[in-house]
Structure formats: structure tokens, C-alpha cells
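The values are calculated or read from the model by the stated rules, or taken from the named source; none is laboratory data. Keep in mind it's a predicted model, so treat the numbers as computed, not measured. Backbone-built Cβ (ideal geometry, glycine too); neighbour counts: all protein chains shown. Note: areas computed on protein heavy atoms with side chains; ligands, DNA, RNA excluded. Shrake-Rupley method; radii C 1.70, N 1.55, O 1.52, S 1.80 Å.
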Amino acid sequence: MATSSCYGQFVHAQGTQIVDGHGKPLQLHGINLGNWLLTEGYMWHFEGGPQSEREIEEFVTEMLGPERAESFWQQYRSTYISQQDIHQIKQAGFDSVRIPIHWKLFTAPDAEGFRLLDRVIGWCKEEGLLVIIDLHAAPSGQTGANIDDSNGWPWLYSDASAQQQTTELWKRIAHRYRNETAVAGYDLLNEPLPHFPAMRQFDAKLDPLYKRFTAAIRTEDPNHAVILGGAQWDTDFAVFSAPFDSNTIFQLHTYWAPPEQATIQKYVDFREKNHFPIWLGESGENKDEWVNQFARLLEKNDIGWAFWPYKKMDATSSPVTFEQPDHWSEIVEYAKIGREMGHVEDRQKKRPTQDAIDRAFASMLENIQFAHEKRNIGYIRALLPNTPLKP
């Protein structure tokens, strides 16, 4: 369905370009606020342990008990991204943030997720930053992997209830932000469908779902761009039919590929053929040299970007980092022990003391605060060579 041109001050698609409300072309230079409203095990250093959000939550509950675990998560989400972080993102030279969300935090208008998102959008508006809302974890999962907190299979494509939940979620989001010019667009599904052969059966169902979600959004919001990622982790645009909404941005993700023209040429060709803009919603997790080369390649091809992620524990591949919590190595080793019945006794023997556990999670809540972050100036300069930030 096409929509009328009523964008006003809203960012929107215009031909092959993303433009602001005055029609001025934008080449976005953004960062992802990952591990905030949706956690991933690798960013907790849980290699060999819990990976999905539900697994991490189960582990935290095991460590702290239900009541204190709930309190931990509320404080974690309230603290992980602060107003000072948003100011620092602007000061570094970024112009936008992509915010990954988990559907479970947005089930009602007064849900915790909306309160937190409203707050950050407000901060971004004060700083002049644009916001992309990214549905990273859809009901029942769009990937079947840990990154969308699914049950191990992408049930979204065949479960009518999950599809309806997602449709209603996007209507709820669109209704809430329909007049918010700081929001640049709605990223309908993050990295739908892995490249695994068993998942290719769902490829043909992706485009119809995008049409359904977009139609629902347009009943509430005619202004904001819809952002559509390709299949196979946002790499395969062959799943798209002819563009069906005039305010559409097509999204690619690329990690670890050679920073050469051949890596992105098929996306440039898609843009020119279909006359719609493309945007890179994720990349990174690499050395400064690669990050610099790839960002410059994208810019040379007039492709805006949002690298992943803003903040990680004990890492150099992000704009900021924070130290591992006290006793965290003990927590990590314990997290690797299997949860099967045969491991129960071993787990009990190797469980850290409750004092060490309490100190570790209290230290986590302390270390993630802005005052304890450290800038990775080399990484920031790799992305933004003219950044005014100094060590």
C-alpha cells in the first residue's frame, strides 16, 4: 500500500535517499543501544553458559532469588543507558541511535519498556539525535536463535497468535510515537531468519508479514518510515517483492566481511533498481582498522550506518566499556555447568558463596553506571575520525 506525502518534519524515504523533514539528504552515523532492553550472553561473557535473555534471567534468578532478581533487572534497565550516555553519544559525533527492544516489555501502554523508551527518546530529542525503534525480539521469535529470545524455532512465521501479537505491538508503538519527530523509523524485525538450510522454508513468509505489520502501522501513523531487513540475518534482499509502501528503507547487516566494494555492491544495485534507500543497521565487533575501513566504504556509497553496540563489558570493540564486576570470573565459570539432573550435585558443590554472588551482581549494577564507563577513543575515532572526544 502506498501512503500519501504527509511527512512534515519527519525523516522519510525520498527516492534513493533518506531525508529529513525539509528534504535534506541524511547519511546517518549511529550506534546501537544493545544489551539494554534485550540482553545477550556473549556481552555478559557467558560463552558456554546462558545465551538468550530467558536463560540469563533464569540464571540471575538462581543466583539472587525471584524477588531480588526482579529488583536487579529494574535497576539494570533503569541505569544501563543514562542521560549522560545520550549526551556523550551526541558529543562523540553520532547523530542517531538504534534501540533494540524485547516485545515482553511493551505489552501495554503503561509497560516498563514504554516508560524507559519515552525517557531515552526525550533525551535524544533534547540532544538532536534521531531514534530507530528495532523489534529485536518478536513474539515467538523471528530467528529461532538466542538473539531474539525465541524457543529455538522461528514460530512467528507459522503461529497465528504470535503474528497477531506482533501486529498489535506495532500498532501500539505507532500510536504512541505517531507525532514524535525524533523517531526516524520503525525497524520491523531484526535479522529475520538465519542462513541455515532448515530455515529457508520460511523465506516466502517474510514479505507478507512485513506487509501486514506495515498496514497496521499505517492505520495509526502515516509519517514514519518502515525499515525492512532482508532474510538470512538481514543479508538477503531476494525475499522482497516490489516495494509496497512509499516510505520504506531497506536494511542490511554485515559483519566480518572484507571492507571492499564487492561486499556491498548487491545492495547498491538493489537501491538503484528499486529506487529506495538502503541503510546498514548493524556492523562492528571487529578491530578499529576494519571498522574504519568499512564505515568509509559505506559512506563512499552513500549508505548510512549504525554500528553495534554502544557499550560492552571489558571490551575494546565498542565506544565505551566497563570493568568486569567483582567475583565475575566465578559467576562465569559456574554459569558453564550444565543444568541437567546429572549436574545438580556438581552445581551445588561449585556454586559461589552467596556473599560472592551478591557482591558480583551489586558490582555489575555499579559498573554499568555512566560514572564508571571508560571510552574506547580508538574505536570512536575509527567510526568518527573528526570526533572532538579525547581520552
| Cross-link partners of Lys390 among lysines (Cα-Cα below 16 Å; sequence separation of 8 or more within a chain) | Lys90, Lys374
| request: Would you list, by chain and number, the lysines whose Cα falls below 30 Å from the Cα of Lys266, excluding same-chain residues fewer than 8 positions away? | output: Lys24, Lys205, Lys211, Lys287, Lys300
| query | Pick from Leu117, Leu193, Leu129: which is most flexible by mean-square fluctuation in a GNM of the chain where alpha carbon atoms under 10 Å apart are linked? | reply | Leu117
| Folded to 0 to 90 degrees: helix 53-64 orientation relative to the chain principal axis, Cα | 30 degrees
| remark: Using a 1.4 Å probe on heavy atoms of the protein chains only, the accessible area for Asp118 in Å², nearest 10, reads 60 Å²
| Which value in deg cm²/dmol, rounded to the nearest 500, describes the helix-derived mean residue ellipticity at 222 nm for the chain, given -39,500 (n - 2.57) per DSSP H run of n ≥ 4 and division by the residue count? | -12500 deg cm²/dmol
| Under unit Cβ charges (Lys, Arg +1; Asp, Glu -1), what dipole magnitude, rounded to 20 debye, does segment 269-333 have relative to its Cα centre? | 460 debye
| Anyone know which of Gln51, Gln201, Gln14 comes out most mobile in the 10 Å Cα GNM of the chain? | Gln201
| message | In the chain, if the dipole is taken from +1 on Lys/Arg beta carbons and -1 on Asp/Glu beta carbons about the Cα centre, which of Leu280, Asn367, Phe202 is farthest to the positive end? | response | Leu280
| request: Would you please classify the overall shape of segment 48-207 from the alpha carbon gyration tensor, given that a ≥ b ≥ c denote the square roots of the eigenvalues, rounded means a/c under 1.5, and beyond that prolate means a/b larger than b/c while oblate covers the rest? | output: oblate
| Can you list the lysines whose alpha carbon is less than 21 Å from that of Lys336, not counting same-chain residues fewer than 8 positions off? | Lys312, Lys349, Lys350
| said: Within the chain, which is the longest segment that contains none of the trypsin sites (Lys or Arg not before Pro) sitting in a DSSP loop with at most 15 other Cβ atoms within 10 Å? | reply: 1-177
| query | Which percent, nearest 5, of DSSP beta bridges in the chain are antiparallel? | reply | 20 percent
| request: Select from segment 209-307 those GluC sites (Glu not before Pro) which occupy a DSSP coil region and have at most 16 other Cβ atoms within 10 Å, ordered by residue number. | output: Glu260
| How large, in percent, is the carbon and sulfur part of the accessible surface of the chain at a probe radius of 1.4 Å? | 51 percent
